[in-house]
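The structure appears below as structure tokens.
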Amino acid sequence: QVQLVESGGGLVQPGGSLRLSCKVSGSPTRIYTMGWYRQAPGPQREVVALMFNGGFTSYEDSVKGRFTISRDDAKNSVYLQMNNLRPEDTAVYYCNLHPPSPSWGQGTQVTVSS
């Protein structure tokens, strides 16, 4: 069973940066597509960034050029570098496989506010 532990969130001013980390247990990241998701207040959770096991990446339109997903398969970890943050990026951020495992982590809160 996959276990996911996210960290690195916090409060940041508009234009600031954060780096999120995700430690994955129970599945080797190197053989899966890994993703970052976010959920603002409301029921909908959206895909923010994906990294396929060949290294190809894909981003939601609003974060292109600002967010970068990466992975360290030796550490079974996935990262999300977020630059030039905007208030609309405020959400709880989760990592998971893609398609997602039913075992979501607790997420990490990102709040962008002045």
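How big is the dipole moment of segment 1-86 about its Cα centre under a simple scheme where the beta carbon of each Lys and Arg is +1, that of each Asp and Glu is -1, and everything else is neutral? Debye, nearest 20, please. Could you put the intermediate results ahead of the total?
Values: 10 positive and 6 negative charges, 24 e Å.
That gives a dipole near 120 debye.
Report, as a whole number in µm² per second, the diffusion coefficient that Stokes-Einstein gives for the chain at 37 °C and 0.692 mPa s using the Kirkwood radius over alpha carbon pairs.
Reported coefficient: 237 µm²/s.
Given springs between every Cα pair under 10 Å in a Gaussian network model of the chain, which of Leu11, Leu20, Leu97 has the largest fluctuation?
Most flexible of the set in this elastic network: Leu11.
Just so you know, all these numbers are worked out from the coordinates, no wet-lab data involved. Everything numeric in this text was worked out from a predicted model, so none of it was measured. Cβ: placed from backbone, ideal geometry, glycine included. Neighbour counts: every protein chain shown.
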